[in-house]
Every structure is written in structure tokens, then in C-alpha cells.
Amino acid sequence: MAPVKVFGQAMSPNVARVLVFLEEAGADYELVDVDFQAKEHKSPDHLARNPFGQIPAFQDGDLVLFESRAVAKYVARKYKTDEADLLREGDHSEAAMVDVWTEVEAHTYSAALSPIVYECLIFPLMHGKPTDEKVVDESLGKLRKVLEVYEERLSKHRYLAGDFLSFADLNHFPYTFYFMATPHGALFESYPRVKAWWESIMSRPAIQKLSATMTP
């Protein structure tokens, strides 16, 4: 069987999101480079895979997908085993909690944290733009409030959806990884349960392997 294909670059947070789940599953995949500097993401070939001209795109035989969280969920379903049941769809209550914290990551956590990554790393390194400290300060204020909620949640459970690693936890990896490379990564020191949760995620072999390809 031909390996699935992921179109993009590993250093992209959204591409890395998909790769996390493929690595966790031990799946056979091919990473097909899409050169942003050459605007290959806007080429007709890539637009046929992702009509919005973004990365990643994903191909499994005749099936072509885009949107990183949707692709990651497909991967989690496709490669589900008793040992790797990240969506917990066999238990309605557990699955609901996975969904809740997946939504929190997408709409609350990343909304607070990702602007810091863009302002401190992506814009200066890739576009030569200075950091907008006002945006960073505002985002840090929002992130502190989010981390307070996480700290409380993690005082009751080892992971966000319960006492099991889930799809929700692993979705936090890409942007948090880059956040830790900003001058503000030490913020997690103020939230010991969040810090322990993050260290648990980072200790996973699949995450360590992928991290080596993402060094900012």
C-alpha cells in the first residue's frame, strides 16, 4: 500500500500537527515539500489539493483533504488501535471531553498563544518584521487566563480530557513547541501542573523525533 502524502513543510505548525498523529501511529507517510518562498502553495497543482492555497494538504489514495485538525482527526481514526485510541469514540462521555478540549485548543488556547509565536518568531525570522510588543503583551494577558483554567483542570486529571492522553492534548504540541522558543516560554513555570503536562507530551518518542525537524 502506498504511503499517505502530506504536502507542506515540517516546520509549519499546521503541518506538524498532522505529522504528530502519523508519528504516534507509526504510519508510513511521505512529506512532499511545498516551497513557500517560491509560492508553490499558490500553484495550480497545490490549489487542486487545497483551494485556499494553504498547507497542509493530505492525500490517501483518491482521498484528498485539507485543514490540519480535520486531517489529524482522519489520521487518528484511520490508525486507531486499542493502544492508540486518541478520540475515545467508543465511550460517549470520554469522546465528548476530547471534543471539548479540542475546541478549547482551537478557539481559546491557540487564539491567545499563536500571536506570540508569530510576533516573536515567524514575522521577524521569515518576513523581517519587528515584534509588535503591544500584541504580545495583550496575548500574554489572555494566555495567563487560559493557563489558569488549564492549571485547575489538570489538578483533577492527568490530561485535559481525563486520565488518558488524547487527540486534544497532542493538538497543543506545534504552537506550544514554538512558544517555548520565544522569550516568554518561562511563563509555564508559573503553572506547575501545566508544565508537568507539557513535559509529559514532550517526552513521547514521536514528539521528540518530530521536534528535531522543527527547530526554529
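The values are calculated or read from the model by the stated rules, or taken from the named source; none is laboratory data. The structure displayed is predicted, hence computed values, not measured ones. Cβ placement follows ideal geometry from the backbone for every residue including glycine, while neighbour counts extend to all protein chains displayed. Keep in mind that these areas ignore ligands, DNA and RNA; they rest on the heavy atoms of the full protein, side chains included. Shrake-Rupley method; radii C 1.70, N 1.55, O 1.52, S 1.80 Å.
Yes/no per residue for (1) in contact (Cβ under 8 Å) with a residue 60 or more places away in the chain; (2) in contact with a helix residue (DSSP H, G or I) (Cβ under 7 Å, 6 or more places away or on another chain):
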residue: Glu151; (1), (2): no, yes
residue: Arg158; (1), (2): no, no
residue: Phe167; (1), (2): yes, yes
residue: Phe173; (1), (2): yes, yes
residue: Gly185; (1), (2): no, yes
residue: Glu199; (1), (2): no, no
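Residues of segment 21-51 being hydrophobic (A, V, I, L, M, F, W, C) and surrounded by fewer than 21 Cβ atoms within 10 Å (Cβ to Cβ), which ones? Selection gives Ala25, Ala27, Leu31, Val32, Phe36, Ala38, Leu47, Ala48. Being under 27 Å from Lys80 (Cα atoms), open to solvent by less than 20 Å² (accessible area, probe 1.4 Å) and modelled with pLDDT of 95 or more is a description that applies to Ala168. Only one of the numbered conditions (1) modelled with pLDDT of 95 or more; (2) open to solvent by 20 Å² or more (accessible area, probe 1.4 Å); (3) within 15 Å of the chain's Cα centre (by Cα) is not met by Thr213, and that is (1). Can you pull out the residues in segment 63-84 that are acidic (Asp, Glu) and modelled with pLDDT under 95? Asp82, Glu83 - these are the residues of segment 63-84 that are acidic (Asp, Glu) and modelled with pLDDT under 95.
Checked against (1) buried (at least 17 other Cβ atoms within 10 Å of the Cβ); (2) more than 28 Å from Val75 (Cβ to Cβ), Val117 passes all but condition (2).
Quick one: is Ala112 within 24 Å of His184 (Cα to Cα) and surrounded by 15 or more Cβ atoms within 10 Å (Cβ to Cβ)? So Ala112 passes the test.
Of the residues contained in segment 193-201, one or more are found to be more than 22 Å from Thr131 (Cβ to Cβ), among the aromatic types (Phe, Trp, Tyr) and open to solvent by 10 Å² or more (accessible area, probe 1.4 Å).
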